[in-house]
Amino acid sequence: MLMNLVAVFPCVSLGAMLLALAVLAVRWKHALRRSARLFLLGVLVLTLFHAASNVLEWANIATVLDLFEDYVELLLPVLWGCFVYVFLQGLSQHELRASEARYRSLTDDVLDTSAVAIQILDAQFRIVWINQASQSYFGLNRDECIGRDKRLLLHEKIKHAVENPEAFARQVTDAFDRHEPATFECHVLPGPTREERWLEYRGLPIPGGLYAGGRIEHYYDVTARKRAEQHREELLLKLETQNAELERFIYTVSHDLKTPLITIKGFLGILREELGEGIADVVEDALGRIDAASDKMMQLLNELLEMSRVGRVDVPWEDVPLADVVEEAVALARGSIDACGAEVHIDSGFPIVCGERPRLIEVFLNLIDNAAKYMGDQPRPRIEIGAETSDTNVVCYVGDNGIGIEPRFQGKVFELFEQLDPHQPGSGVGLALVKRIVEVHEGRVWVESEGPGCGTTVRFSLPARPA
C-alpha cells in the first residue's frame with residue numbers, strides 16, 4: 001500500500017508541473033519578455049525530459065529513500081526554473097516601473113508645461129488628469145479636481161470662471177455624450193487667480209486603452225486673435241462712421257453751393273439783357289468765361305451729389321441682363337462716340353447679374369465716354385466692350401486703342417478730381433463714381449495699359465448673382 005502511494009506521488013507532482021506549465025503558457029506573454037519566456041520554456045522542457053526518463057525506474061525502487069532521492073533530483077530543475085521565473089518577473093516589473101517613471105516625466109515635463117490647457121476624462125466623465133495651464137486658465141486646483149465628476153466641477157467651480165456658464169456646461173456635456181469631435185469658444189472672465197481669456201475648445205473621444213470611452217479636451221488660448229478681431233471691427237466701424245460723415249458733408253456742401261451758382265447764372269442773364277447788343281467784346285468774353293465756369297461748377301456739384309447718393313439710397317436689387325445695360329449705355333454715349341469717329345465692337349455672351357440697373361448703366365456710360373474722350377489722334381479709333389464669366393465673378397471690360405496711360409498714373413485715375421488731361425472736358429469725378437458704384441456692388445475696378453500710345457482697358461468685377 002505504501003509503495004503504491006509512493007508511486008502515485010511523483011505522478012501527481014508531474015501533473016501539477018504540467019498544469020503550472022499550461023497556466024504559464026497562457027499568461028507569460030503578459031509577464032515576461034520574449035528572451036525570458038524562451039529561457040524558462042527550455043528549463044521546463046528539460047524538467048519534463050528528466051521526469052520521463054525516470055518513470056520506468058520508479059516502478060523498481062527498492063526503498064522509499066531511493067524514491068525521495070530521485071524525486072529531489074526531479075524537483076531541483078523545477079525549483080531553478082521557478083527561481084529564474086521569479087527573478088525575471090522582478091526584472092520585468094522593475095523595467096515597467098522605470099517605463100512608468102519615464103511616462104510620468106513626459107506628462108510632468110512636457111504636457112504639464114504646455115501652453116494648451118489639457119483635461120483627460122474617463123468613461124464615467126470623471127477627471128483623470130489636468131495640466132498646469134488648465135489650472136491657470138480656469139483658476140482650478142489639481143488635487144481638488146482629480147477623480148471628481150466633470151459635471152460637478154462645471155457647476156461648482158467653472159461656472160464662476162466663464163461667461164454664460166449654462167451654455168458652456170451644456171456644450172461640454174453634449175460633446176461628451178455624443179462621443180464625437182467638437183469645437184467651440186468660451187470667454188473666461190477675470191478673477192483673483194485667473195486672467196481674462198478667450199479659449200477655443202477642441203475635444204476628442206478616446207477610442208481605446210485604459211480610458212476608452214473617455215475624452216481628452218484641449219483649450220487653446222485665442223485671446224490675441226479675438227482682440228485683433230475686435231480691434232479690426234472697431235476700426236471698420238470708425239471708418240464707416242467717417243465715410244458716412246464725409247458723404248453727408250459732400251451732399252450738404254454740393255447741395256448748398258448750387259444756390260449761389262443759380263444766383264450767379266441769373267445775374268449773368270440780367271447783365272446781358274441790360275447791356276443789350278452793343279456789349280463790348282471784352283465784357284462779352286468775361287461774361288462767357290463766368291458762364292462757362294458756372295456751368296462746369298454746376299456739373300461738378302451735380303456729379304458730387306450723384307456720387308454721395310450711391311449706396312445711400314435704398315434701391316432693391318434685381319436681376320439685370322448686362323447685354324441690355326451695354327446697349328443702353330452705348331446709345332446714351334453715341335454723341336461722344338460719333339465725335340471721335342470710333343468703331344464700337346460689343347462681344348456676345350453677357351450674363352445676368354444682380355444689382356441696380358441705373359447704376360450699372362452709369363458705369364458703362366462713364367467708361368465709354370472716357371474711352372472716346374482720350375482717343376487722341378488715332379486714325380482708326382476702336383472701342384471694345386465685353387465680359388468674362390467664372391463660377392464666382394463676372395469681369396466686364398471697356399477697352400480702347402487711344403493714348404494709353406503711363407504706369408505711374410494708373411493707380412490715380414480713380415481718385416476724385418483726377419484728370420490725365422486738364423484741357424479735356426469733364427470734372428474728374430466720372431471714374432471715381434465708377435469705382436464707388438462697383439464697390440457698392442461688391443466688386444473692384446482696375447486699369448490695364450502698356451503705356452502711352454498703347455490704348456487702355458478698364459476692367460471691373462461683379463459677383464455672379466450675389467445674394
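Read-outs: derived from the displayed coordinates by stated rules, not from any lab. Just so it is clear, the model here is predicted, and its values are computed rather than measured. Using ideal geometry, Cβ is built from the backbone for each residue, glycine included, and neighbour counts are taken over all protein chains shown.
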Of the peptides 169-177, 325-333, 190-198, how do they stack up when ordered by the mean number of other Cβ atoms within 10 Å, highest first?
325-333, 169-177, 190-198
I need to check one value: relative contact order of region 113-221, counting alpha carbon pairs closer than 8 Å and at least 6 residues apart, in percent.
30 percent
Gyration tensor on Cα atoms of region 318-463, a ≥ b ≥ c root eigenvalues, a/c under 1.5 rounded, else prolate if a/b beats b/c, else oblate, says prolate
As an exercise, use a Förster radius of 30 Å and the Cβ-Cβ distance of Trp317 and Gln230 to find the FRET efficiency, rounded to the nearest 0.05.
0.45
Under the rule of at least 5 residues apart or a separate chain, name every residue whose amide H is placed under 5 Å from the amide H of Ala182.
Gly203
